Amino acid sequence: MPDRLYTIGFRGKTAEAFFEALRVTDAARVIDIRSGNTSQLAGFTKRDDLRYFLQVILGIGYLYVPDLAPSQEILRRYREDHDWEAYREGFMQLLSDRKVTQTLDVTVFEPCSVLLCSEADATQCHRSLVAEHLRHAFWPNLQIVHL
C-alpha cells in the first residue's frame, strides 16, 4: 500500500526541470494518464521516448493506464466551455462508468508512483481528480504531492 502519490504535468517545463522534479521523489514508476501520449506536441514526453528517458535517466518504470484518461468528448467540451465543475462531474462519472475501482490493478502504485498529465497546474487537471479518487477508494491516508 503506497503512502504517497505524486503528480506531475510537463507543460511549460523543460526536460531538465521535469526529470529533476522526478529525481527527488522515491517513485518506482510514472503512470501516464493522458488521453494522447503519442503526438508530437508531447515533445520529450512522447510515450516511447519517455519510457526510454525514465529508465536511462532515473532508472524508473513507465506504465500507460488509459482508463484514467479523460475521453475525447469530455476534453472537447472543456476546451469549448472551460467549465471546470462540469468537467469534474463528467470525468468522475467516466471513472465510475469504467469501473476503475473494480478493475484497476492497484499494485502498480506500489511502493510509490507519479501520475503524469500534460497540464502544468494540478488544480484544474484530471490528475488531481484521479489522485483524490484513488485516495477515497483505496488509501484514505494517502499523501498526494503535486510536483
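So for the stretch 87-103 (the condition being on the phi < 0 side of the Ramachandran plot, among the hydrophobic types (A, V, I, L, M, F, W, C) and assigned to a strand (DSSP E or B)), does at least one residue qualify? Scanning the stretch 87-103, I find no residue that is on the phi < 0 side of the Ramachandran plot, among the hydrophobic types (A, V, I, L, M, F, W, C) and assigned to a strand (DSSP E or B), so the answer is no. In the stretch 77-125, what residues are in contact with a strand residue (DSSP E or B) (Cβ under 9 Å, 6 or more places away or on another chain) and either of a type in the set (Gly, Ala, Ser) or within 20 Å of ARG11 (Cα to Cα) (or both)? SER113, VAL114, LEU115, LEU116, CYS117, SER118, GLU119, ALA120, ASP121, ALA122, THR123, CYS125, listed by residue number. Filtered by the rule that a residue be touching a Cys at 6+ places or on another chain (Cβ under 8 Å) and farther than 14 Å from ILE144 by Cβ, the stretch 102-117 gives no residues.
Contact map, the stretch 84-95: first residue over 12 Å from LEU68 (Cα atoms), second residue aromatic (Phe, Trp, Tyr), Cβ cut-off under 6 Å, separation 6 or more or different chains; pairs are TYR87/TYR78.
Can you tell me how many residues within the stretch 108-147 are within 25 Å of PHE44 (Cα to Cα) and free of Cβ contacts under 8 Å to residues at least 24 places away in the same chain? The total comes to 1.
Taking the criterion of being among the small types (Gly, Ala, Ser), under 16 Å from the mean Cα position of the chain (by Cα) and outside any loop (DSSP other than H, G, I, E, B), the residues of the stretch 1-55 that qualify are GLY9, ALA21, ALA42. Candidates are the residues of the stretch 64-82 that are touching a helix residue (DSSP H, G or I) at 6+ places or on another chain (Cβ under 8 Å) and part of a loop (DSSP other than H, G, I, E, B); the one that is surrounded by the fewest Cβ atoms within 10 Å (Cβ to Cβ) is SER71. Say whether the condition of being of a type outside the set (Gly, Ala, Ser) and either in a helix (DSSP H, G or I) or exposed (fewer than 12 other Cβ atoms within 10 Å of the Cβ) (or both) is met by at least one residue in the stretch 111-119. No: the stretch 111-119 contains no residue that is of a type outside the set (Gly, Ala, Ser) and either in a helix (DSSP H, G or I) or exposed (fewer than 12 other Cβ atoms within 10 Å of the Cβ) (or both). Applying the condition of being in contact (Cβ under 8 Å) with a residue 60 or more places away in the chain and among the aromatic types (Phe, Trp, Tyr) to the stretch 4-63 and asking which residue is surrounded by the fewest Cβ atoms within 10 Å (Cβ to Cβ) yields PHE10.
Residues in the stretch 120-140 that are surrounded by fewer than 19 Cβ atoms within 10 Å (Cβ to Cβ) and touching a Gly at 6+ places or on another chain (Cβ under 9 Å): ALA120, ASP121.
Only the coordinates and a few stated rules stand behind these numbers; no lab work does. In this text the structure is predicted, and so the values were computed from the model without any measurement. Note: ideal-geometry Cβ built from the backbone for every residue, glycine included; neighbour counts use all protein chains shown.
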